[in-house]
Amino acid sequence: MDSSNKQDKLSKVKKNLIIIIIFLIFILIVFIIKLFTLQVIQGKKYFVLSTNNIISKEQIRPLRGRILDKNGNSLVINVFNHNLYLLPYLKKEQLQLVEESLKALNISWNRKKYKKNQENLIKRSLSQEQFLKFEVNKENFPYLFIKEIPSRYYPFKKEFYYPMGYVSLVSQRELAQEAIKKYYDREDYIGKYGLEKLFEKDLRGIKGLKVLFMDAKGKKVDYSETDMGNIALFKQLKQQERSAVNGKDIQLTIDKDLQLYNYDLLKDFSASLVIMNINSGEIISYISTPAIDPNIFLMGISHQIWDKISQDEKHPLMDKCVQNYNPASTFKLFTAYCGEKLNVVKNILPCRGVIKLEGVEKHCWKKTGHGKETLDEAIKNSCNVFFYQLGDHVGIDNYYNIAKTIYLDKKTNVEVAGEKKPMVPYRKIKRDLGIGDGTWYPSETLDISIGQGLIELSPVKMAQFIAFLASKGSVVKPHLIKNIGDKKIETYKIEVEEDTNIFNKILSGMHDVVNFWGGTGWRAKSRKVIISGKTGTMQVKKITKYYVKYSPDEKELSYKERDNGWFVSYVPYDEPQYAMVLFIEHCGSGGYYPAIFTKKIWEYMMEKDYIEKK
Amino acid sequence: MKKNSIFLPLLTVTILSVIGLIFIFSAFYYKSTSFFANTFVIKELFFILLGILLFVFIANIDYRIFKNLSFILYISGIIILVLSMVIFRTYRGRWIKLGIISFQTSEFMKFGFLLYFAHFISRHFERSVTLNILEYSMVFFKTLMITFIPMILVLKQPDLGTSFVFAAIWIIFLFFFRATGFIVSLYVILFGIVIGVVFFISSEITEIRGLFGFLLNMNFIKYITLFFAILLFSMLLNIVIAFLFGQRINILFTILLIMLFFVGLFLAKGVISHLKQYQKNRIITFVNPSYDIRGSGWNVIQSKIAIGSGRVKGKGLFKGTQNKFNFLPERHTDFIFSLISEEWGFYGAFLVIFLEFLLLFYLLFVAFKANDAFGLFFALGSFTLFFMHIVANIGMNLGVMPVTGIPLPFISYGGSFYLISIFILGINVNIFKQSHEVRRLDLFIK
């Protein structure tokens, strides 16, 4: 009785076991579902995660291509920055240790800056002293390590800033762009200006990839040495490895020594200089002053220095070789070419110092006038009255049509960013530019004929034009690049004028400008080399009657009010080899500084055998 | 029949032990590639061989003699715990070293506690319904003392996981001590709340909502769907239980229980959503003080990657990358399940879950067939102990439960827990053996 009572009570209680069974089954189902989800449904995702866990892809940075001068001298040096890094996943005490040890390197670093999940960059580009200190006492600097990052150094500093440009670290803003993010990271350098930017894709090379195996603590594991099991998987992952391909070297047409000489000559001016081979279009010297030391950009530049540079009145940030300026009297050469081409020179009346054309009274710079002149004499004298008449005969439509036949209205496409399109006037230009009422008055053609008004050319374009005259009818492409890697650069040379006789008078005029008594470019006359050229003076301040009367000394004017001077030239006279365009801002007359410097440069080139002697 | 009663648990334990041994070797494979040169493997092999002998031995001892030993074992367990904290201050008092033998003090306590508590509660069991409120309160107070003295000592070590085991056994024993309809409902709601809190914590740590995120953020249509799903589940359950145990249960009762469980779950959600973030963090750090060592849930994430990357067939023995490259923490003890899942895939993991749950069902079956109150409560307590270990460990590995350092029975490395598990299971086998004839008759009488 007692026993069965006990059993009765037990079996009553046992009914409650069912509740426990229900929950046990419930939990079993939850576990199986969860296991199934993880391994079967999401298995692929987790497998990728697990392989990502063990491999660390380290990129191998290629060396950036060098930039060489005409003769193969390197204009850049590839150097290595020693960047100091800190391991991830460190504890507080370890960080304190690191903070202490960094004091020995004179680096102040706060452990609050530490980011757990990544390698921390402590200092970019250690100094030589810091690097040596670190290398010698490595055990004193726990958890720290150094990575070598290729960087650039520009040994010639300002001299080659134009046209070479510079590289700098990729900025955060650039990294936000998808195309840049694909190739670059925060430690990479990227061309920011000049040829470094323009040929970035050739220079940067191709990054390599190294697949490393790392355990959870970031320790490298060499699977081939230890028996780590799944060799097949490792081999498969290793196949992603690629070796780096260094960037292509770029050879310029620029001559290093000449460039250095020229820069030194012009460094105090705001000048641009282009010396170009007439036959091939190779630019052997390309200068825009003042320039900037490209090395200051490598690590990024402070706001103060940037402001100072950008507010400089000589505009060092502007590549003046490709900016547009009024060609002034040098454009008389083009007017002369148009006159010869249309055969209207014979209709020109003698210069009496003043002439009334199209209802406007125009003056010559010489009040008493030049009298009766031939075309070459007019060029020698730079006679305004002569060219006013010639321009009047040519007319605006012919100006435009002839300019088009010699591609004067097109860019030269020299390998420089920011080249301005030449401004060549045509009948509807004022309407297109929205100037005045838009109608072209014939009197405005007169201004064009002496290179004023709506005519603007860049020094490079001018060099192409001078080469066209000197070579008697060929338009060549001015270029700075000889070859990229092994690939030759494509250029063009187009014969646009078949009648070479047209040029005889113009060229002899240019010869006389320098070499004949009374020529405007007499200061460029040299005994060593026969220079042919043409001056140009571009008034910055409008000439009033006062100035014409008293013609005050240039030096009394403030810098900004002084005239801009051109001097275009080529040598030698009989078989032209090089054309030179020198444009100096606010230097006064083109017959003064530009002529003197032109002479110096040609003589230097003669001495150093740049010009072949016959 | 009687002879074969040891067969099923012995087979299960042997298979689990061998799997455990293989993967303990795998966990240290890179250190020594020779099987017998590995000290962990040698030690574990010794314990397994010893354990299986002990298992057969204990299974043949009448379990009633442990009744008389229970108080001595309980008291000595407490003395050892106190001594280990006061005198042997080794490894925060978790371990005691006696010559070459060292053992975990809390494991011994588990055994003593289980025996004595089962003995104590079974003594009062017959009178449980007739007790008046004062007498009941006295019993309640005594159980509280029995549980909380070792629990607080273990908490001091600190070993939160093990102390939860004591608490769980206490709750289950009280439930079965006096299970009226009201108490059952209350328990089910409380269980829902506990599960809700546990899953909240784990989802906060792993930042992945998973199954319970789905349950906690439902709309009306999903509620209706869930209701019918529960209805269907209850009917199936009814059939299964009727088939297994020969007992019919009320479907409506089952539905009610499950609904009550969800009431508890949503109550927990309601409470949690009103907590401030710092209060939530306090709960999380209380349950798992070391969860933020390497960013939130790093261990759990790596464990999940290991399991998931094993996919269906696994990466192959000794070929798990999470294992070899040290991404799995504590992979010979707490995270051994992840290791098995990585190298043997879904098949291996399923086998382990199946065998472990087979043991749990076996223990419930023992409880169901137990001859007397002591046998019933000891089997129930054993079930609860293993249940806590298995669910907490596998749940932690799968990332559905917070990380507590609780080993997986018969698989994780560790001699103390292995031998204690063997003892407990052995006694259960004996309970089952002795119940046999009586139970049969009993069923037919009813």
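Tell me, please, whether a residue that is closer than 20 Å to B:Gly77 by Cα, in a loop (DSSP other than H, G, I, E, B) and out of contact with any Gly (no Cβ under 7 Å at 6 or more places or on another chain) can be found in region B:398-412.
No, the conditions are met nowhere in region B:398-412.
Scan A:Thr491, A:Thr500, A:Thr535 and give me the residue that is at pLDDT 85 or above, open to solvent by less than 20 Å² (accessible area, probe 1.4 Å) and among the polar types (S, T, N, Q). Explain how you work it out, then say what you get.
On the way: A:Thr491 fails: open to solvent by less than 20 Å² (accessible area, probe 1.4 Å); A:Thr500 fails: open to solvent by less than 20 Å² (accessible area, probe 1.4 Å).
That would be A:Thr535, the only listed residue that is at pLDDT 85 or above, open to solvent by less than 20 Å² (accessible area, probe 1.4 Å) and among the polar types (S, T, N, Q).
Does B:Leu358 qualify as being at the interface with chain A (Cβ under 8 Å from one of its Cβ atoms) and either open to solvent by less than 20 Å² (accessible area, probe 1.4 Å) or touching a helix residue (DSSP H, G or I) at 6+ places or on another chain (Cβ under 9 Å) (or both)? Quick ask: steps written out before the conclusion?
Values: at the interface with chain A (Cβ under 8 Å from one of its Cβ atoms): no; either open to solvent by less than 20 Å² (accessible area, probe 1.4 Å) or touching a helix residue (DSSP H, G or I) at 6+ places or on another chain (Cβ under 9 Å) (or both): yes.
Judged against the criteria, B:Leu358 is not a match.
Would you be able to say whether some residue in region A:280-287 is open to solvent by 10 Å² or more (accessible area, probe 1.4 Å) and out of contact with any Ser or Thr (no Cβ under 8 Å at 6 or more places or on another chain)? Step through it out loud before you land on a result.
Step one: list which residues in region A:280-287 are open to solvent by 10 Å² or more (accessible area, probe 1.4 Å), which gives A:280, A:282.
Remaining after also requiring out of contact with any Ser or Thr (no Cβ under 8 Å at 6 or more places or on another chain): none.
No: zero hits.
In region B:337-355, what residues are open to solvent by less than 30 Å² (accessible area, probe 1.4 Å), more than 8 Å from chain A (Cβ to nearest Cβ) and of a type in the set (A, V, I, L, M, F, W, C)?
B:Phe337, B:Leu339, B:Ile340, B:Val352, B:Leu355
Determine the pairs where a residue that is on the phi > 0 side of the Ramachandran plot, located within region B:343-354, has a partner that is open to solvent by 70 Å² or more (accessible area, probe 1.4 Å) with Cβ atoms under 8 Å apart, the partner being 6 or more residues away or on another chain.
If the second residue must be open to solvent by 70 Å² or more (accessible area, probe 1.4 Å), the pairs left are B:Gly345/B:Arg311; B:Gly345/B:Lys313.
Got at least one residue in region B:362-382 being of a type in the set (S, T, N, Q), within 23 Å of B:Leu8 (Cα to Cα) and in a helix (DSSP H, G or I)? Step through it out loud before you land on a result.
Filtering region B:362-382 for residues of a type in the set (S, T, N, Q) gives B:371, B:382.
Next, only the ones that are within 23 Å of B:Leu8 (Cα to Cα) stay: B:371, B:382.
Next cut, in a helix (DSSP H, G or I) only: B:382.
For region B:362-382, residues of a type in the set (S, T, N, Q), within 23 Å of B:Leu8 (Cα to Cα) and in a helix (DSSP H, G or I): present.
Among A:Lys112, A:Lys70, which is of a type outside the set (Val, Ile, Thr), outside any strand (DSSP E or B) and either in contact with a Ser or Thr (Cβ under 7 Å, 6 or more places away or on another chain) or within 14 Å of chain B (Cβ to nearest Cβ) (or both)?
Values: A:Lys112 fails: either in contact with a Ser or Thr (Cβ under 7 Å, 6 or more places away or on another chain) or within 14 Å of chain B (Cβ to nearest Cβ) (or both).
Unique residue meeting the criteria: A:Lys70.
Every residue, every condition in (1) under 31 Å from the mean Cα position of the chain (by Cα); (2) open to solvent by less than 30 Å² (accessible area, probe 1.4 Å); (3) within 14 Å of chain B (Cβ to nearest Cβ), yes or no:
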{"residue": "A:Glu196", "(1), (2), (3)": "yes, yes, no"}
{"residue": "A:Asp202", "(1), (2), (3)": "yes, no, no"}
{"residue": "A:Leu237", "(1), (2), (3)": "no, yes, yes"}
{"residue": "A:Gly247", "(1), (2), (3)": "yes, yes, no"}
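Only one of these is closer than 30 Å to A:Lys9 by Cα, more than 13 Å from chain A (Cβ to nearest Cβ) and open to solvent by less than 10 Å² (accessible area, probe 1.4 Å): B:Val429, B:Val366. Name it. Give the derivation first.
Values: B:Val366 fails: more than 13 Å from chain A (Cβ to nearest Cβ).
Exactly one residue qualifies, and that residue is B:Val429.
Looking at region A:379-389, can you tell me whether even one residue there is in contact with a strand residue (DSSP E or B) (Cβ under 8 Å, 6 or more places away or on another chain) and either outside any helix (DSSP H, G or I) or closer than 22 Å to A:Glu498 by Cβ (or both)?
yes
Which residue pairs have Cβ atoms under 9 Å apart, sit 6 or more places apart or on different chains, and have a first residue in region B:21-39 that is within 13 Å of chain A (Cβ to nearest Cβ) and a second that is modelled with pLDDT under 70 and surrounded by fewer than 19 Cβ atoms within 10 Å (Cβ to Cβ)?
Close Cβ pairs satisfying both conditions: B:Tyr29/A:Asp227; B:Tyr30/A:Thr226; B:Tyr30/A:Asp227; B:Thr33/A:Asp227.
Looking only at helices (runs of 4 or more DSSP H) that fall completely inside region A:192-259, which ones have 3 or more residues that are modelled with pLDDT under 80? Spell out the reasoning first.
On the way: elements: A:194-198, A:200-203, A:231-238.
It comes to A:231-238.
For region A:571-606, name all the residues that are open to solvent by less than 10 Å² (accessible area, probe 1.4 Å) and either among the small types (Gly, Ala, Ser) or in a strand (DSSP E or B) (or both). I'd like the intermediate steps shown before the answer.
Our first condition is that a residue be open to solvent by less than 10 Å² (accessible area, probe 1.4 Å); within region A:571-606, this holds for A:571, A:579-584, A:588, A:590-591, A:594-595, A:598, A:601-602, A:605.
Those that are open to solvent by less than 10 Å² (accessible area, probe 1.4 Å) and either among the small types (Gly, Ala, Ser) or in a strand (DSSP E or B) (or both): A:Val571, A:Ala579, A:Met580, A:Val581, A:Leu582, A:Phe583, A:Ile584, A:Gly588, A:Gly590, A:Gly591, A:Ala595.
The rows are residues; the columns are (1) in a helix (DSSP H, G or I); (2) at pLDDT 85 or above; (3) more than 7 Å from chain B (Cβ to nearest Cβ).
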position	(1), (2), (3)
A:Asp8	yes, no, yes
A:Val13	yes, no, no
A:Leu24	yes, yes, no
A:Lys34	yes, yes, no
A:Val40	yes, yes, no
A:Lys44	yes, yes, yes
A:Leu49	yes, yes, no
A:Asn52	yes, yes, yes
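Could you tell me which residue of region A:122-148 is most open to solvent (accessible area, probe 1.4 Å), considering only residues that are touching a residue at least 60 places away in the same chain (Cβ under 8 Å) and among the charged types (D, E, K, R)? Don't jump to the end; show me each part of the working.
Initial filter on region A:122-148 (touching a residue at least 60 places away in the same chain (Cβ under 8 Å)): A:124-125, A:144-148.
From the residues that got through so far, the ones that are among the charged types (D, E, K, R) too are A:124, A:147-148.
On the way: A:Arg124: 66, A:Lys147: 63, A:Glu148: 112 Å².
Top of the filtered list is A:Glu148.
Please tell me if A:Lys182 is more than 23 Å from A:His82 (Cβ to Cβ), at pLDDT 90 or above and surrounded by fewer than 20 Cβ atoms within 10 Å (Cβ to Cβ).
Numbers: more than 23 Å from A:His82 (Cβ to Cβ): yes; at pLDDT 90 or above: no; surrounded by fewer than 20 Cβ atoms within 10 Å (Cβ to Cβ): yes.
Answer is no for this residue.
Spot the failing condition for B:Ile72; the list is (1) modelled with pLDDT of 75 or more; (2) farther than 20 Å from B:Ile424 by Cα; (3) open to solvent by 100 Å² or more (accessible area, probe 1.4 Å), and only one is missed.
So B:Ile72 meets the others, but not (2).
So that you can scan it fast, the table gives a plain yes or no per residue for (1) open to solvent by 40 Å² or more (accessible area, probe 1.4 Å); (2) modelled with pLDDT under 90; (3) under 21 Å from A:Leu582 (Cβ atoms):
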| position | (1), (2), (3) |
| --- | --- |
| A:Phe331 | no, no, yes |
| A:Ala336 | no, no, yes |
| A:Gln389 | no, no, no |
| A:Asn401 | yes, no, no |
| A:Thr405 | yes, no, no |
| A:Lys421 | yes, no, no |
| A:Gly438 | no, yes, no |
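Considering A:Gly391, A:Gly369, which residue is in the same structural domain as A:Ser471 (by TED's automatic domain parsing) and either of a type in the set (Ser, Thr, Tyr) or more than 40 Å from the chain's Cα centre (by Cα) (or both)?
Working: A:Gly391 fails: either of a type in the set (Ser, Thr, Tyr) or more than 40 Å from the chain's Cα centre (by Cα) (or both).
Answer to the selection: A:Gly369.
Here is a check on your reading of the model: is A:Glu119 touching a Leu at 6+ places or on another chain (Cβ under 8 Å) and of a type in the set (Asp, Glu)? Working first, answer last.
Numbers: touching a Leu at 6+ places or on another chain (Cβ under 8 Å): yes; of a type in the set (Asp, Glu): yes.
Yes: the conditions hold for A:Glu119.
Which residue pairs have Cβ atoms under 9 Å apart, sit 6 or more places apart or on different chains, and have a first residue in region A:163-189 that is under 29 Å from A:Thr253 (Cβ atoms) and polar (S, T, N, Q) and a second that is open to solvent by 30 Å² or more (accessible area, probe 1.4 Å) and modelled with pLDDT under 85?
A:Ser168/A:Met299; A:Ser168/A:Gly300; A:Ser168/A:Ile301
Within region A:390-424, restricting attention to residues that are without any contact (Cβ under 8 Å) to a residue 24 or more places away in the chain and in a helix (DSSP H, G or I), which residue is nearest to A:Lys477 (Cα to Cα)?
Filtering first and then ranking leaves A:Lys404.
Count, please, the residues in region B:322-336 that happen to be at the interface with chain A (Cβ under 10 Å from one of its Cβ atoms) and either crowded, with 24+ Cβ neighbours inside 10 Å or among the hydrophobic types (A, V, I, L, M, F, W, C) (or both). Let's see the steps before the verdict.
Here is the first cut: in region B:322-336, the ones at the interface with chain A (Cβ under 10 Å from one of its Cβ atoms) are B:322-329.
From what's left, either crowded, with 24+ Cβ neighbours inside 10 Å or among the hydrophobic types (A, V, I, L, M, F, W, C) (or both): B:322-325, B:327-328.
Residues that pass the stated criteria total 6.
Quick check on region A:248-271. Is at least one of its residues of a type in the set (Gly, Ala, Ser), over 30 Å from A:Phe213 (Cβ atoms), touching a residue at least 12 places away in the same chain (Cβ under 8 Å) and touching a strand residue (DSSP E or B) at 6+ places or on another chain (Cβ under 7 Å)?
We begin by selecting, within region A:248-271, every residue of a type in the set (Gly, Ala, Ser); these are A:270-271.
Imposing the further condition that a residue be over 30 Å from A:Phe213 (Cβ atoms) reduces the set to A:270-271.
With the extra rule that they be touching a residue at least 12 places away in the same chain (Cβ under 8 Å), the set shrinks to A:270-271.
Those left that are additionally touching a strand residue (DSSP E or B) at 6+ places or on another chain (Cβ under 7 Å): A:270-271.
Yes: region A:248-271 contains one or more residues that are of a type in the set (Gly, Ala, Ser), over 30 Å from A:Phe213 (Cβ atoms), touching a residue at least 12 places away in the same chain (Cβ under 8 Å) and touching a strand residue (DSSP E or B) at 6+ places or on another chain (Cβ under 7 Å).
The values are calculated or read from the model by the stated rules, or taken from the named source; none is laboratory data. Everything numeric in this text was worked out from a predicted model, so none of it was measured. Heads up, the Cβs are rebuilt from the backbone with ideal geometry, glycines too, and the neighbour counts pull from every protein chain shown. SASA here: full protein model, heavy atoms, side chains in, ligands and nucleic acids out. Shrake-Rupley method; radii C 1.70, N 1.55, O 1.52, S 1.80 Å.
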